[in-house]
1. Work out the count of Lys pairs in the chain where the Cα-Cα distance is under 18 Å, with the pair 8 or more places apart or on different chains.
2. Quick one: Cα centre-to-centre distance for segment 205-245 and segment 39-92, in angstrom?
3. Using the count of nearby Cβ atoms within 10 Å as a rough guide to exposure, how do CYS125, CYS100, CYS428, CYS245 rank from fewest to most?
4. For segment 9-166, rounded, prolate or oblate, judged on the Cα gyration tensor with a ≥ b ≥ c (square roots of eigenvalues), a/c < 1.5 rounded, else prolate if a/b > b/c?
5. Rounded if a/c is under 1.5, else prolate if a/b beats b/c, else oblate: with a ≥ b ≥ c from the C-alpha gyration tensor eigenvalues square-rooted, which is segment 55-139?
6. Given contacts defined as C-alpha pairs under 8 Å and at least six residues apart, what's the relative contact order of the chain, whole-number percent?
7. Once you have the Cα-Cα distance between ARG273 and GLN47, take 0.36 nm times their residue separation minus that, and quote the gain in nm to one decimal.
8. So if each residue of separation counts as 0.36 nm, and I subtract the Cα-Cα distance between ALA190 and LEU243, what length gain in nm does that give?
Amino acid sequence: MTDTAAQPSTPSQGQRLYALFVGLFLAFTLFKVGNPVILDHRFTPPQDAHQWLLFVFPSRWAMVVLVPLAVIGLALFGRFRPAAPRWLVWLPLVWFGWQCLSATQTVSRQLTAQTLPHLGACALCFYLALFVLGPMRRPERFLWGAVAGLALLLAAGFQQHFGGLEETRQWIYETRGMENLTPEMKKKLASNRIFSQLVYPNAFAGAILLLLPLSLVWIWQISERLAIATQWLLTLLLAAAGLGCLYWTGSKGGWLVALAMGLAASFRLSWSRRAKFAVAAAVLMLGLAGFTWKYHGYFAKGATSVGARFDYWDAAWKTAVQKPWLGSGPGTFQVVYAQLKRPDSEMARLAHNDYLEQASDSGWIGFLAYLAFWAGSLAFLYRKSVCSPLAFAVWLGLAGWALQEMAEFGLYIPALAWPAFLLLGCLCGGGFVVDEGGASPLESPGR
């Protein structure tokens, strides 16, 4: 299968309408399905309009929409000769198939029953985008959903930073009482770090890393008919909102990943080599200086969250060594960690490293299939993405998200994993590669 196996084509009216529905679903997922799937059983149905707006929903509610949406799209618009090599097309199926095999000997049927459908939904999102959205020349309405979803998250983040967190604390304390809150909820409410509609601040940072690059380029391109000053204003306002929320999340890993993404983007500027290196050096120095200034107190106290992650990773590695073929079962890290952790270590439900968790949960084959899929896809797609600012922005967000997952658990949060698999499938299927909009700042410094 070669790059010319499936050439992008202009989407029909039906395809455009379908892309709109997928975009609406994506926006809904980003805003309302932000908890890890292993917490679905703790969902309390909303009782009033305020709770319907405030609460996030369990993943099974969203899957009731996702599955028929995918089936309809594949049946009506599927083009099953994607512009991607066969190994890349088959790897998600191999990975998910091994998860199903691992589930047969899980140490917790409840946790696996909650996790396995979600992992299947990730693979389904990839194939939906690969065979339906990707072959479109530019799935514009799908992108509107991604941008709108990020905008909703940023708006919620601003609301939390400017008084909403305190209001939420008072409301929860009055309606539930401190004695009914879990330790995780107490810790989250005690902090001023914003988390928008996601489970905790680092997850919100992951959403920003994933979606902000493509949103900036998309806003720039659709506003090309406006005055240049207006175009720059809209783009800079979105950039300021995204980076401001990233700062307020207090995510140290998110800051460092954003810095790496900024360095990568600086080398795409159509400036001289000397100017590019000057910009990259400035980004690096300012980013590291800001990181040191903001978090020097955290490191002076011993960087407790970093030490805790090493405990999680050690337990995941030991489990993979003890159960090398099938692991402990999808979503069951907390069971094995409770047995392996030191008495003074903090309890965790997930390994805070999606790659190591694959080894722990499903053995080395599951780990290798997942790692090869993401690393191989990003390596393969880099060459394809450089021909279009929008394609590169999508690739950059995916690379940043994949890098963050070395210290987080975004794979188990539908609001992060489903959009990531959709965007990856779209890029693998040839989407975003043909540039129809105006030149991005990545390509030209002006008009």
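Values in this text are rule-based calculations from the coordinates and carry no lab data. Everything quoted here is computed from the prediction, not taken from an experiment. A quick note on method: Cβ atoms are made from the backbone with ideal geometry, for glycine too, and the neighbour counts reach across all protein chains shown.
1. Working: LYS187/LYS252; LYS187/LYS301; LYS188/LYS252; LYS252/LYS294; LYS252/LYS301; LYS318/LYS341; LYS323/LYS341.
Taking the Cα cut-off of 18 Å, the pair count is 7.
2. What the calculation gives is 26 Å, centre to centre.
3. Details: CYS125 29, CYS100 14, CYS428 23, CYS245 26.
Least crowded to most crowded, the residues run CYS100, CYS428, CYS245, CYS125.
4. Numbers: a/c = 2.26, a/b = 1.17, b/c = 1.93.
Oblate.
5. On the way: a/c = 2.95, a/b = 1.46, b/c = 2.02.
Judged from the Cα gyration tensor, segment 55-139 comes out oblate (a/c at least 1.5, b/c at or above a/b).
6. Values: 683 pairs, mean separation 125.5, N = 447.
Computed over the chain, the figure is 28 percent.
7. Numbers: separation 226, 0.36 × 226 = 81.36 nm, distance 5.92 nm.
Gain on extension, ARG273 to GLN47, equals 75.4 nm.
8. On the way: separation 53, 0.36 × 53 = 19.08 nm, distance 2.30 nm.
Here the segment from ALA190 to LEU243 would lengthen by 16.8 nm.
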